[in-house]
Amino acid sequence: SLLQQWSAEHDASNSAGTAIELRRLSFSYPGGRRALREINALIPVGCRLGIVGPSGAGKSTFLMHLNGLLPATSLDSSDACGVWIHGEPVLRTSLKQIRQRVGFVFQDPDDQLFAATVADDVAFGPRQHGCDSEETERRVRSSLAAVGLEQTLAYNPSQLSYGERKRVCLAGVLACQPEVLVLDEPSSNLDPRARRQLMAILAALPATLVIATHELDLVLALCDRVLLVDE
Ligand code: ADP
């Protein structure tokens, strides 16, 4: 299966080391107040990191730096600051490579899904990363199977429930086999059953996970470290 193959590749290539390095990461929105102030952290490969803190603390802003959705890294001066993924700085010039390594699941699936069918949506990432059509199809099928939605290939995403659309988003990211998986409020608006399904899927993934959430029981069940963001 996709997960077995992916796990084996992870074991072979990443048995040790730092997945994410944050060096004095700061960010202010234009005209706004400072959202992140001098965050330093080393997040090891395979870590399941929970990001917690009150609304407005900067969790989403933090996540968006991990794959360059917001500008991340400055190498200008002798004291470089920002984000490094597996030793590579997140730079405007390296976004393509960084986004192959860092998959991002948005809080709202409707911000992420755009294609006319589930199959096309999940295929987008592998195609972008240069997979041929056979490999793309294999990944689409296996990642939809991993989230329990292999029957929905031909559906329009609007025909699925909110929780199912959220799982399609996750499948689309899994199909890229990222080393780091970033999730913003993955369980928000899910009913208890959909939430249990999602947690079981996340618990089985081999990637380094970064999960921002308000749900502390999810952190307790899934995460081995926590970063508390406040002010
Ligand atoms: P959280 O995810 O923890 O709720 P955010 O990262 O969304 O927090 O927001 C952190 C701070 O940045 C808040 O004060 C918020 O109002 C501000 N902020 C968020 N997005 C923007 C934006 N696009 N423009 C200006 N300020 C923003």
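No lab work stands behind these numbers, since they all come straight from the coordinates. On a predicted model such as this, the values are computed, not experimentally measured, just so you know. As a convention, Cβ positions derive from the backbone with ideal geometry for all residues, glycine included, and neighbour counts pool all protein chains shown.
Could you give the size of the charge dipole of the stretch 95-144 about its Cα centre, using +1 on the Cβ of each K and R and -1 on the Cβ of each D and E, expressed in debye and rounded to the nearest 20?
Its charge dipole is roughly 300 debye.
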When Rg is the radius of gyration of the Cα atoms in the chain and Rh is its Kirkwood radius, what does Rg/Rh come to? 0.95
Taking the chain and counting helices only, DSSP H stretches of n ≥ 4 at -39,500 (n - 2.57) each over all residues, the nearest-500 ellipticity at 222 nm comes to -11000 deg cm²/dmol
Which whole-number percent of Cα pairs in the stretch 95-231 have a distance greater than 22 Å? 34
GNM of the chain, Cα pairs under 10 angstrom: of Ala146, Ala203, Ala19, the biggest fluctuation goes to Ala203
Angle in degrees between helix 133-146 and the longest Cα principal axis of the chain, rounded to the nearest 10: 90
Take every Cα pair under 8 Å in the chain that's 6+ residues apart, average their separations, divide by the length, and report that relative contact order as a whole percent. 28
Within 14 Å, Cβ to Cβ, of Asp191, how many net charges do the neighbouring residues add up to if Lys/Arg are +1 and Asp/Glu are -1? +4
Using alpha carbon centroids, what distance separates the stretch 18-77 and the stretch 135-171, in Å? 30
Fluctuation leader among Ile20, Ile39, Ile51 - the chain, Gaussian network, Cα springs under 10 angstrom: Ile39
Ala203: net charge of surrounding residues, Cβ under 12 Å, Lys/Arg +1, Asp/Glu -1, itself excluded? +1
Relative to the Cα centre, what is the charge dipole magnitude of the chain, using +1 at the beta carbon of each Lys and Arg, -1 at the beta carbon of each Asp and Glu, and rounding to the nearest 20 debye? 220
Suppose every K and R has +1 on its Cβ and every D and E has -1 on its Cβ; what is the size of the dipole of the stretch 110-231 about the Cα centre, in Debye to the nearest 20? 400
I'd like the antiparallel share, as a percent to the nearest 5, of DSSP beta bridges with both residues in the chain. 45
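In percent, how large is the relative contact order of the stretch 115-231, given Cα pairs closer than 8 Å and 6 or more residues apart?
Taking the mean separation of contacting Cα pairs over the length of the stretch 115-231, I get 26 percent.
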Considering only Leu25, Leu144, Leu216, give the residue with the highest GNM mean-square fluctuation for the chain, with springs between Cα atoms whenever their separation is below 10 Å. Leu216
The answer for the net charge of residues other than Thr213 whose Cβ lies under 10 angstrom from its Cβ, with Lys and Arg +1 and Asp and Glu -1, is -3
Taking the dipole about the Cα centre of the chain, with the C-beta of Lys and Arg at +1 and of Asp and Glu at -1, give me whichever of Ser161, Leu95, Ser55 is farthest to the positive side. Ser55
